Amino acid sequence: YEHGEGPEGGFAFDGAFGKWDMAQLQRGYQVYKEVCAACHSLKFVSFRNLRQLGYTEAEVDAEAKSWTVPGIDPQTGEATTRPGLPTDAFPSPYPNAIAAAAANNNAIPPDLSLMTKARHDGSNYVYDLLTGYGEPDPAKAAKVGFETPDGLYFNKHFPNVNIAMPPPLSDGQVTFADGTASTVPQMSKDVAAFLTWTAEPSLVERRQTGWFVVGFLLFATVLAFLSYKQIWAGLK
Ligand code: HEM
């Protein structure tokens, strides 16, 4: 298991003055929708939250409608499906955990809403994981008799090294609306940025508030010092 370093050049939101790159978040959403959503839900994110990524209300309505979510038949009370509404969350593709495990060699694809918080250095980790597939070093593997069992995949950045998630990305898999070339590192970076947003949509706002607070406290300190001078000016 190797510690990765995340994407080259880092993310737009890195650092105390970092900002979202809206075009990147939209590309990341596209990767989630066209690739990851086949197995992973985002149960804490609703379609209407996409407004924050720059989509209009009409676009969000249309987007929600293009998804199928679990519903209940009003006549019979039985479980069925219906088109999504803006208030619905991004659904799991499986009816339950047993079906999810059965489809994935007994591993359940986890909800991705908070994944970049659940894992250490999560934004970089998601990038590393998606770009970490390959073969183990043959010399090292031979030395310890290492094997990847059938149905699992070697991934040098997964703590367990053998992961039940098949490599989800390959070059050119999605066609980005903005014309960005969809290499595996590009799609990985964009979807890692998108999942950072799902886990903390207020990240940039929080930092801006922090800077405002620091500025205000400095100002208040100067004011307090000046009034102290003023009040005691006549007394020696
Ligand atoms: C696990 C991301 C696509 C099936 C995971 C994990 C992440 C992730 C972050 C958690 C790893 C951990 O526990 O540290 C993604 C992203 C995808 C994607 C960003 C799209 C680019 C898929 C697809 C499938 C899938 C298409 C199904 C074919 C799984 C399974 C696990 C998993 C079964 C559990 C693996 C285990 O615990 O061994 N995925 N995934 N994923 N994913 Fe995905």
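So here's what we get for this one:
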{"quantity": "Gaussian network model of the chain, Cα within-10 Å springs - most flexible of Val126, Val213, Val204", "calculated": "Val213"}
{"quantity": "Relative contact order for the range 1-141, counting Cα pairs under 8 Å that sit 6 or more residues apart, in percent", "calculated": "27 percent"}
{"quantity": "Dipole of the range 7-47, positive end: most advanced residue of Ser46, Ala12, Tyr29 [Cβ charges, Cα centre]", "calculated": "Ser46"}
{"quantity": "Average Cα contact separation per residue, the chain, under 8 Å, 6 or more apart, as relative contact order %", "calculated": "26 percent"}
{"quantity": "Alpha-carbon spread of the range 77-236, three principal axes, descending order, Å", "calculated": "86, 58, 36"}
{"quantity": "Interchain or long-range residues, amide H under 5 Å from Gly71's placed H", "calculated": "Thr80, Thr81, Arg82"}
{"quantity": "Exposed-loop-free span, longest in the chain, where chymotrypsin sites (Phe, Trp or Tyr not before Pro) count as exposed if DSSP calls them loop and at most 13 other C-beta atoms lie within 10 Å", "calculated": "18-231"}
{"quantity": "Rounded tilt (10° steps) of 22-34 against the dominant C-alpha axis of the chain", "calculated": "20 degrees"}
{"quantity": "Top of Asp171, Asp88, Asp128 by mean-square fluctuation, Gaussian network on the chain, Cα under 10 Å", "calculated": "Asp171"}
{"quantity": "Residues whose placed amide H lies under 5 Å from that of Val45, excluding near-sequence neighbours", "calculated": "Phe90"}
{"quantity": "In sequence order, calculated HN-Hα J values of the range 144-157 (Karplus, 6.51, -1.76, 1.60; Hz; x Gly/Pro)", "calculated": "9, x, 6, 9, 9, x, 4, x, 10, 10, 6, 9, 5, 9"}
{"quantity": "Longest segment of the chain lacking GluC sites (Glu not before Pro) that sit in a DSSP loop with at most 13 other Cβ atoms within 10 Å", "calculated": "148-236"}
{"quantity": "Members of Lys19/Lys189; Lys33/Lys117; Lys43/Lys117; Lys33/Lys189 lying beyond 18 Å, as alpha-carbon distances in this model show", "calculated": "Lys33/Lys117"}
{"quantity": "Only Lys, Arg (+1) and Asp, Glu (-1) charged, at Cβ; the chain dipole about Cα centre in debye", "calculated": "1060 debye"}
{"quantity": "HN-Hα J in Hz across the range 219-234 - Karplus 6.51, -1.76, 1.60, θ = phi - 60°, x for Gly and Pro", "calculated": "4, 5, 5, 4, 4, 4, 5, 5, 6, 4, 4, 5, 5, 9, 4, x"}
{"quantity": "Cα-based shape type of the range 116-181, given that a ≥ b ≥ c are square roots of the gyration tensor eigenvalues and the cut on a/c is 1.5", "calculated": "prolate"}
{"quantity": "Note, ³J(HN,Hα) from phi for the range 159-169, Karplus 6.51, -1.76, 1.60, rounded to Hz, x at Gly and Pro", "calculated": "x, 7, 6, 9, 10, 7, 7, x, x, x, 10"}
{"quantity": "Most fluctuating residue given options Ala193, Ala103, Ala58, as computed from a GNM of the chain linking Cα atoms under 10 Å", "calculated": "Ala58"}
{"quantity": "Along principal axes, Cα extents of the range 182-230, largest first, whole Å", "calculated": "64, 17, 8"}
{"quantity": "Length added when fully stretched, Val144-Ala38, from 0.36 nm per residue minus Cα-Cα", "calculated": "34.6 nm"}
{"quantity": "The range 101-216 - charge dipole about Cα centre, Lys and Arg +1 at Cβ, Asp and Glu -1, debye rounded to 20", "calculated": "320 debye"}
{"quantity": "Computed magnitude of the charge dipole of the range 1-55 (debye, nearest 20; Cβ of K, R +1, Cβ of D, E -1)", "calculated": "520 debye"}
{"quantity": "Modelled label reach - Asp178, point 7 Å along Cα→Cβ, the range 191-210 residues with backbone N closer than 14 Å", "calculated": "191-194"}
{"quantity": "Estimated [θ] at 222 nm from DSSP helical runs (n ≥ 4, -39500 (n - 2.57)) normalised by residues in the chain, nearest 500", "calculated": "-12500 deg cm²/dmol"}
{"quantity": "Debye log10 I(q)/I(0) for the range 48-172, one point scatterer per Cα, at q = 0.15, 0.22 Å⁻¹", "calculated": "-0.94, -1.30"}
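Laboratory data are not the source of any read-out in this text; all were calculated from the coordinates shown. Everything numeric in this text was worked out from a predicted model, so none of it was measured. Glycine gets a Cβ as well: all are built from the backbone with ideal geometry, and neighbour counts include every protein chain shown.
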